[in-house]
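The block underneath contains the structure these notes are about, expressed in structure tokens.
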Amino acid sequence: MSNALFSNLFLPLTLAIITLGLGLSISIQDIKNIVQYPKNVIVGLFSQLFLLPGIALGISFIAGLEGVYAVGLILIAICPGGATANLVNYMIRGNVALSVSITVVNGLITIFTIPLLTSLALILFCKQNTEISIAIPDAVLKIFLLTILPASVGIFIRMKNERFAKRLEAPLRYILPVLLFMVYSGVLFFESNSGVKLLWSEFFFILPFALSLNVLAMVSGYFVPAIFNVNKQNKFTIAVEVGLQNSTLAIFVAGSLLDNYAIAMVPVVYGSFSFFTTWGLGYLARKYLP
């Protein structure tokens, strides 16, 4: 299978199937709650758009990270989690409707923020004035096809046959993670064959910084919403949204748009563990935190 065939067909198709499966767990009442009480979405967006880049910036300055690694860390922080974060919330019984809503809105916002903040990070840490651009119509279409459309189909199926949708919930909790694992295994395989070569010494150097970003984002994503009297389910839902970022998108930006595989090392390392740590921390938050 060629890299282009995997990236352009198999990867988006699998993500759309995952999102459709998540849509089966969303009721019309869940949608009404989001519309009537938008505070949770706003708090989640604030945490993703401001807290997360701030954490990445703080780690970079405190650790004195080399320019390319600092840019890679910030790049991870500004790439929203997408279907991966939605799936983790589904697995730990978070508010899937809230998770998908934050993903959709943030996905539209980051069409503009990813080029801007990446360019600023390059100027700040690499003294490099590089302009990057994302094709807005293509990005909006992709968000619609991979998130809004399949989730809407799942919601429609549940609305027409709730018993059928509920019957699928148990097997989907196993099937969807397997699909996601296949997707990311493929991404790592094909990306490694496209120029992203990671040495073990480099992996263990980057690991503590990438892990710190993941853990600190989860912690802030849980406790900051508490200031706004967000309920427990929505707190750990937002924590997952903030804690788990889209390493595949970050690798694409670094490798394809910037043509800088040194920067791509950080999202490669981050993507190797973040699904599992976010799932574990999210589960512990749901089970033990107030």
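Couple of notes before you dig in:
- Failed condition for Glu66, given (1) touching a Leu at 6+ places or on another chain (Cβ under 7 Å); (2) over 26 Å from Pro12 (Cβ atoms); (3) surrounded by fewer than 24 Cβ atoms within 10 Å (Cβ to Cβ): (1)
- Residue count for segment 241-290 under the criterion of being more than 18 Å from Leu11 (Cα to Cα), in contact (Cβ under 8 Å) with a residue 60 or more places away in the chain and of a type in the set (Ser, Thr, Tyr): the result is 6.
So that you can scan it fast, the table gives a plain yes or no per residue for (1) surrounded by fewer than 24 Cβ atoms within 10 Å (Cβ to Cβ); (2) modelled with pLDDT of 90 or more; (3) more than 19 Å from Thr110 (Cα to Cα):
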position	(1), (2), (3)
Phe205	yes, yes, yes
Phe209	yes, yes, yes
Ile227	yes, yes, yes
Val230	yes, yes, yes
Lys235	no, yes, yes
Ile238	no, yes, no
Val242	no, yes, no
Leu257	yes, no, no
Ser274	no, yes, yes
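- Segment 50-60, subset surrounded by fewer than 23 Cβ atoms within 10 Å (Cβ to Cβ), farther than 10 Å from Val242 by Cβ and touching a residue at least 24 places away in the same chain (Cβ under 8 Å), residue nearest to the chain's Cα centre (by Cα): Pro53
- None of Gly58, Gly21 is small (Gly, Ala, Ser), assigned to a helix (DSSP H, G or I) and within 22 Å of Ile155 (Cα to Cα) except Gly21.
- Lys166 being within 30 Å of Leu65 (Cα to Cα), surrounded by fewer than 16 Cβ atoms within 10 Å (Cβ to Cβ) and at pLDDT 70 or above: no
- Among (1) among the hydrophobic types (A, V, I, L, M, F, W, C); (2) assigned to a loop (DSSP other than H, G, I, E, B); (3) at pLDDT 80 or above - the single one Ile132 does not satisfy: (3)
- Residue satisfying condition, being under 21 Å from Lys142 (Cβ atoms), in contact with a Cys (Cβ under 9 Å, 6 or more places away or on another chain), assigned to a helix (DSSP H, G or I) and not hydrophobic (A, V, I, L, M, F, W, C), within set Thr118, Thr84, Thr103, Thr110: Thr110
The values are calculated or read from the model by the stated rules, or taken from the named source; none is laboratory data. Keep in mind the model is a prediction, meaning the values are calculated, not measured. So basically every Cβ, Gly included, is an ideal-geometry build from the backbone, and we count neighbours across all protein chains shown.
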